[in-house]
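Rule-based calculations on the coordinates, nothing more; no lab input. What you are looking at is a predicted structure, and each value in this text was computed from that prediction instead of being measured. Don't worry about glycine lacking a Cβ; one is built from the backbone with ideal geometry, like all the others, and counts go over all protein chains shown.
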Amino acid sequence: SEAAAAAPAPAPELRTLGAAVNMLALVTADEEQAVAEVAKDMGPVRVNINNNISHGGPVNSLIEEDESEEAVARRFKQARRAEKQLKRAARREKAINMQREDFMRELTREPVVLHWRGGGGGSSDMLLKGVSMDINGLALLDEVDVSIVSGRKYGLIGRNGVGKTTFLKFLSAHRFDGVPAHLQILHIEQEVPSGE
């Protein structure tokens, strides 16, 4: 078995062809056969060279083929106008947000006084009837009744930005009608800016 493994393989048998061989014709016939087999497996195939979509319209064209210069100029003018309107709206929104931030800073600007306001006495309960909370046109509360009883614990639950902290700031600044004047409400921020 070792001798059979070491023996060289027999050389292929050579034979003479009776006529000349056209290699190009053989390769072309081979390619046509392969294409025919793929077409049979895949079915009809449409080829798009990125000139036209199947509906016949131009692809990735900013200008339609049948569009006049005036129509193109009008379309670009409308696009510029829309862009300017978006920029104006963004500036307005930024200004409104700045006003809201200033208003929120104003709510917490008053210094905290750690003693009772005015004479004591009176109830520590709060009954707020039909209160509204509006920040520069953004209504957070509208005609809401709130009762807060002394000694009870309350929790405010809601998504970010719905007005929980703003409500507490309004309460501590006595911005609602019905908050007793003698009642001291202390609001402590969650985050304190770092000092240098």
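Under 12 Å from the Cβ of Ala95, count the other residues' Cβ atoms, weight Lys and Arg +1, Asp and Glu -1, and hand me the total.
On the way: positive: Arg88, Arg91, Arg92, Lys94, Arg100; negative: Glu93, Glu101, Asp102.
Result for the neighbourhood of Ala95: +2.
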For segment 127-196, what are the per-bin percents of Cα-Cα distances with bins 10 Å wide, up to the bin holding the maximum?
16, 50, 27, 6, 1
Residue separation between Arg80 and Gln184 times 0.36 nm, minus their alpha-carbon distance, gives in nm 31.9 nm
With label points set 7 Å from each Cα along the Cα-to-Cβ direction at Glu101 and Asn22, the distance between them in nm comes to 8.1 nm
